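Notes follow the structure.
The values are calculated or read from the model by the stated rules, or taken from the named source; none is laboratory data. These numbers were taken from a predicted model, which means no experiment stands behind them. Please note: Cβ atoms are built from the backbone with ideal geometry, for glycine as well, and neighbour counts cover all protein chains shown.
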Amino acid sequence: MKILVTPTSFKKSQNDKAREILESFADEIIYNPYGRPLESFDVCELIGDCDGYIAGLDYIDENAIEKASKLRVISRYGAGVDRVDLEMAKKKNIIVTNTPGTNAVAVCELAFGLMLALARSIPRLNNAVINGEWPRNNGIELKGKTLSILGLGAIGKNLAIRAKAFGMKICTYDPFVDEKYANQNDIEICTFSESIESADFISLHMPLLPSIKHCINKKTISSMKNGVYIVNTARGGLIDENAAYEGLKSGKIAGLALDAYETEPVAESPLLKLDNVISTPHTGAHTNEAIAGMGMMAVENLIAELKSKDSNHRVG
């Protein structure tokens, strides 16, 4: 068996056991030579005659899948599959799996940390003190504020628990909402419009589908409360960055925290010049615990499927 492995954190010590299992299974392993998520042309270059593929945040489009002459399994190292052409994979009889829930705590804790950082301007005040300043700044408390969670999956559910512990009111929009969970945890189920219009904080946890690309745009921003805070630890394409910039400049948006941009790594963006924007490098899933969990499940999924066993984590 020949396996392509591209997640940039797969070679970290947290994945020693998973890597040992994979290396004892495979005859040959090709590791990511670039140290970054792969573009389609990179995948085309490397996929060749590989039987299996443990995929990071790579762009696996029709061209990439066409180049995979022997590929049987794409095992996503993470939950999102929006960068995988699932329809093309299905046509080529390639099984796609993911690792649901393994990074839920990691991502939700980053999202919650970003909410606190926005509410109290922590990065800006830190920089001010380092630069010899001693400013007075009035932040806001989370207690009593309304948090809209867009996408009540594993990450959204974990975030809701933490937000409720801080005394926040929770509403959610999710077309496939877990009504039982929402009712048990006093989470108000809303339409998308209702959810964003009533919120003091909005946290995005949805997959990037064509139907919801730029769902945070000029029109939807205009319907939000003045001084809203927005956190995106999901996918960059959910937010129209130009519209967000205008919202921040006008004060409609009080603060924006992004762990995902439309183009990554982000090099040039007017958002980076604003002191009410917090940026992190798509690091939500990068905790020791999440890396180990994703690595082990991705390897287990791959090996099971290559042995013609159902991994129970197929998508598409």
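Got a number for residues in the stretch 12-48 being at negative phi and assigned to a loop (DSSP other than H, G, I, E, B)?
10
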Over the stretch 214-230, the set of residues in contact with a helix residue (DSSP H, G or I) (Cβ under 7 Å, 6 or more places away or on another chain) and within 11 Å of Ile253 (Cβ to Cβ) is Ile216, Ile221, Met224, Tyr229
Just one listed residue, out of Gly255, Gly237, Gly247, is under 18 Å from Leu118 (Cβ atoms), assigned to a helix (DSSP H, G or I), assigned by TED's automatic domain parsing to the domain that holds Leu142 and at pLDDT 95 or above, and it is Gly247
Scanning the stretch 258-305 residue by residue, those part of a loop (DSSP other than H, G, I, E, B) and of a type in the set (Ser, Thr, Tyr) turn out to be Tyr261, Thr263, Ser269, Thr280, Thr283, Thr287
Counted residues in the stretch 63-76 being under 12 Å from Leu4 (Cβ atoms) and surrounded by 21 or more Cβ atoms within 10 Å (Cβ to Cβ) come to 6
Checklist entry - Any chance the stretch 306-313 includes a residue that's surrounded by fewer than 18 Cβ atoms within 10 Å (Cβ to Cβ), under 30 Å from Arg72 (Cβ atoms) and among the small types (Gly, Ala, Ser)? => result yes
Every listed condition ((1) outside the structural domain of Thr6 (by TED's automatic domain parsing); (2) touching a helix residue (DSSP H, G or I) at 6+ places or on another chain (Cβ under 9 Å); (3) of a type in the set (A, V, I, L, M, F, W, C); (4) within 21 Å of Glu262 (Cα to Cα)) holds for Val84 save (1)
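Residue-wise test of (1) farther than 30 Å from Lys90 by Cβ; (2) assigned by TED's automatic domain parsing to the domain that holds Lys90; (3) free of Cβ contacts under 8 Å to residues at least 24 places away in the same chain; (4) in contact with a Pro (Cβ under 6 Å, 6 or more places away or on another chain).
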{"site": "Glu264", "(1), (2), (3), (4)": "no, no, no, no"}
{"site": "Asp275", "(1), (2), (3), (4)": "yes, no, no, no"}
{"site": "Leu302", "(1), (2), (3), (4)": "no, yes, no, no"}
{"site": "Ser308", "(1), (2), (3), (4)": "no, yes, yes, no"}
{"site": "Ser311", "(1), (2), (3), (4)": "no, yes, no, no"}
